[in-house]
Amino acid sequence: MVKRARYMGFCYGVNRALDYIQKAQGKIYTLGWLIHNEHVIRDLLQKGIQSIDRIEDLPPNATLAITAHGATKQLLQYLEEKKIAILDTTCPFVKKIHDIVSDHTKKGYQVFIYGDKDHSEVKGIASYAQNPIIIQSTEEAKNLGRFKNAILVAQTTQSVDAYAAIQKEIKKHSQNLKVFNTICHATSQRQQAAKTLAQSVDIMIVIGDKRSANTRRLVDLCRAFTKTLHIGSAADLDEKIYSHQKIGITAGASTPEWIIEEVLQKLKKPGKDFAESIKLYQAEVDKQLKVFFDKQIRSAPSKHIKFNLKKTAEFVLGGGKRIRPIAMISAYTALSATENIKPILVPALSMELLHASSLVFDDVMDEDDYRRKLPTLHRALRWETQEKTSPQPGKRHLFRNHNDRFGVSSALCNGNILLSLGAKCLHTSSASHERLNEVLRLYLEAHRLISIGQLMDLAMEHEKNATEKDYIQMVALKTAVLFSTSLKTGALLAEARPGQIETLGKFGREIGIAFQLLDDVLDISRQHSKGRELGSDLKQGKRTLLVIKALEFSDDREKAAVLKVLGKTDAAEKDIDKAIGALHSTGAVQYVIDLANNTQEKALPLLDEADISADGHTFFREFADYMTHRII
């Protein structure tokens, strides 16, 4: 059995730096390597991005990229004086430490820095202080003199446990010590997750370059609990690894996802795994959706309606993992003790059609042009009519022109058609009249609750004092209801007991909330695109939990960065990036990820209560894990 620790792979700062540099134009150089990973370095070299050891080696008219670790204050001043073009990819977490150190230095505080004195990040932090004291161990902290006012900060990738010990020691030497928890949230969570996992497996595999300090810290941490193997890639694994029953894996902040995936694939035992099951179910659902829509299109009363249904079918089939119908199918098989999915396949389409119906309305209200990298339905229909109708400005007050009115109006009608088609799919079930009535009641109730959730979402855009409780209540309706309904419907059609149905519904609600929390994080993730513009929710003024917590945790600068783009559809890319940086540096992103994971963990005991088959229990545990590993 292979267990994957949470919080693996590229940290935000590294991923952001790589994205900036790879998109940049012209000759790009870095002072020292951008990242401690030979595979990434090789890829950067192939793209023409080179490293220099001294600033004097920078060729004329080239751009110097400041790495995620940041640069010294003196170097930045030199570059400005020499008018050398720079691409600043300094991690917002690191910049925040620069601000803390600079502000307190001006106030006369002694600055203590816990970190590696030879590391570029520590050198950069130290440059913003006057006579800083860099501490690398608890022993060094014991030899300090006495200080009146002092602050303590840490290199972002240091050990949380070691930092706690050093804080305790330095407090003995300072009359007034202010401690700042500047270890990156992702680093601390990565360490804690690795430590927890190491205590439950026979061997830990830590993936990362031998030169990566944060990876070596993970290795040392894991070795305190179990046998630990440090590898750079899947090529470093040999046959001996398969002799272990329980294998745990984690990875450093500079380890790309593709390397982690290669290791997972090499460790995978023969036989169908969860991901393959999902793909098989998805293929079956897609096949049935196509058959279903083809039938509706053939029986349409006119050419225009055929055209609309064709575009609607393209919208529904244009992407998505079909997790809602898959959840319904899986609940049915887990409670009916059968592997035959044929009786539930067409009824399960109802959950995808209800979901698609809600997306049509959601896209109109958010004025989104794309979903899953394809045109939204109202835009697709507008494009088709663009040459047939001319703009009529000034004659209507709801739309810019007739094309917009036609596209939006057609999309809304098709959204309602999708809703009714979902009910039609449920009617194909061979369930008893009583059960079918209950299924249809659930379906219509889900539609009502989703609509209420959408109304709450709209209202929250104008609610400056929205709370975490408000947000969770909203997503429990707008998003989680459909997961809950999928599971309850599958259980109902399997003729499960009332207690089983309700318990599975509660499980669906919790993983649905976790799903939406992570979906919000995907909106600001370059690495995991949702098929929309980066920061789409921010531009639309969405009061997601990310925004709520960022405004709650932020200092004045971070708050200003978020508010500058919130609700500004024309916000500049550089301002979006600053706002996303603030969401990370305030700890809001990590807070939301942690809440999603905790919500998932809270849901798992419900599977025991539901009294489902062993295969069903395993499937839904992996299903919940799948929902919360989309970005980690």
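A few comments on the model shown:
- Among the residues of the range 583-611, those identified as farther than 30 Å from Glu502 by Cα and either outside the structural domain of Glu558 (by TED's automatic domain parsing) or surrounded by fewer than 23 Cβ atoms within 10 Å (Cβ to Cβ) (or both) are Gly587, Gln590.
- Looking only at the range 135-165, and only at residues there that are in contact (Cβ under 8 Å) with a residue 40 or more places away in the chain and more than 16 Å from Asn214 (Cβ to Cβ), the one that is surrounded by the most Cβ atoms within 10 Å (Cβ to Cβ): Val153
- Here is the figure for the range 219-247: residues that are surrounded by fewer than 18 Cβ atoms within 10 Å (Cβ to Cβ), of a type in the set (A, V, I, L, M, F, W, C) and assigned to a strand (DSSP E or B) total 0.
- Look at the range 482-496: where a residue is over 9 Å from Arg324 (Cα atoms) and a partner is in a loop (DSSP other than H, G, I, E, B) and not charged (D, E, K, R), sitting 6+ places away or on another chain with Cβ atoms under 7 Å, you get Leu493/Ser429; Leu493/Ala431.
- Matching residues, the range 1-31, being of a type outside the set (A, V, I, L, M), assigned to a loop (DSSP other than H, G, I, E, B) and surrounded by 12 or more Cβ atoms within 10 Å (Cβ to Cβ): Arg6, Tyr7, Gly9, Phe10, Cys11, Lys27
- Among the residues making up the range 579-610, a single one is in contact with a Leu (Cβ under 9 Å, 6 or more places away or on another chain) and assigned to a loop (DSSP other than H, G, I, E, B): Thr586.
Yes/no per residue for (1) farther than 16 Å from Leu221 by Cβ; (2) of a type in the set (Gly, Ala, Ser):
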position	(1), (2)
Val153	yes, no
Thr156	yes, no
Asp161	no, no
Ala164	no, yes
Lys168	yes, no
His173	yes, no
Leu177	yes, no
Cys184	no, no
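- Applying a threshold of 9 Å to beta carbon distances and a minimum spacing of six or more residues, or different chains, the list of pairs starting in the range 182-211 at a residue that is surrounded by fewer than 19 Cβ atoms within 10 Å (Cβ to Cβ) and ending at one that is of a type in the set (Val, Ile, Thr) reads Gln192/Val160; Gln199/Thr226; Ser200/Thr226; Asp202/Thr226; Asp202/Ile247.
- Qualifying position, being in contact with a Ser or Thr (Cβ under 6 Å, 6 or more places away or on another chain), modelled with pLDDT under 95 and under 27 Å from Thr156 (Cβ atoms), among Ala588, Ala610, Ala582, Ala596: Ala596
- Restricted to helices (runs of 4 or more DSSP H) entirely inside the range 40-134, those with at least 2 residues that are in contact (Cβ under 8 Å) with a residue 60 or more places away in the chain and buried (at least 19 other Cβ atoms within 10 Å of the Cβ) are 92-106.
- In the set (1) part of a loop (DSSP other than H, G, I, E, B); (2) within 20 Å of Lys227 (Cβ to Cβ), the condition left unmet by Gln158 is number (2).
- Which numbered condition Leu534 misses (of (1) outside any loop (DSSP other than H, G, I, E, B); (2) buried (at least 16 other Cβ atoms within 10 Å of the Cβ)): (1)
- In the range 553-572, of all residues being assigned to a helix (DSSP H, G or I) and in contact (Cβ under 8 Å) with a residue 24 or more places away in the chain, the one that is surrounded by the most Cβ atoms within 10 Å (Cβ to Cβ) corresponds to Glu558.
- Within the set Asp209, Asp286, the sole residue that is acidic (Asp, Glu), out of contact with any strand residue (DSSP E or B) (no Cβ under 7 Å at 6 or more places or on another chain) and not in a helix (DSSP H, G or I) turns out to be Asp209.
- Count - residues of the range 360-377 that are in contact with a strand residue (DSSP E or B) (Cβ under 7 Å, 6 or more places away or on another chain) and without any contact (Cβ under 8 Å) to a residue 40 or more places away in the chain: 1
- The condition of being touching a Leu at 6+ places or on another chain (Cβ under 7 Å), among the small types (Gly, Ala, Ser) and on the phi < 0 side of the Ramachandran plot holds for only one of Ala466, Ala480, Ala431, that being Ala431.
- Matching option when the condition is over 22 Å from the mean Cα position of the chain (by Cα) and without any contact (Cβ under 8 Å) to a residue 40 or more places away in the chain, among Lys246, Lys268, Lys279, Lys240: Lys240
- Taken over the range 316-347, the residue count meeting the criterion of being among the polar types (S, T, N, Q) and in a helix (DSSP H, G or I) is 3.
- Residue among Ile580, Ile576 that alone is surrounded by 22 or more Cβ atoms within 10 Å (Cβ to Cβ) and assigned by TED's automatic domain parsing to the domain that holds Gln540: Ile580
- Note on the range 177-198: residues that are farther than 22 Å from Leu229 by Cα and either among the basic types (Lys, Arg) or not in a helix (DSSP H, G or I) (or both) total 8.
The values are calculated or read from the model by the stated rules, or taken from the named source; none is laboratory data. What you see is a predicted model; the values in this text were computed from it and never measured. Every residue, glycine as well, gets a Cβ built from its backbone with ideal geometry; the counts of neighbours run over all protein chains shown.
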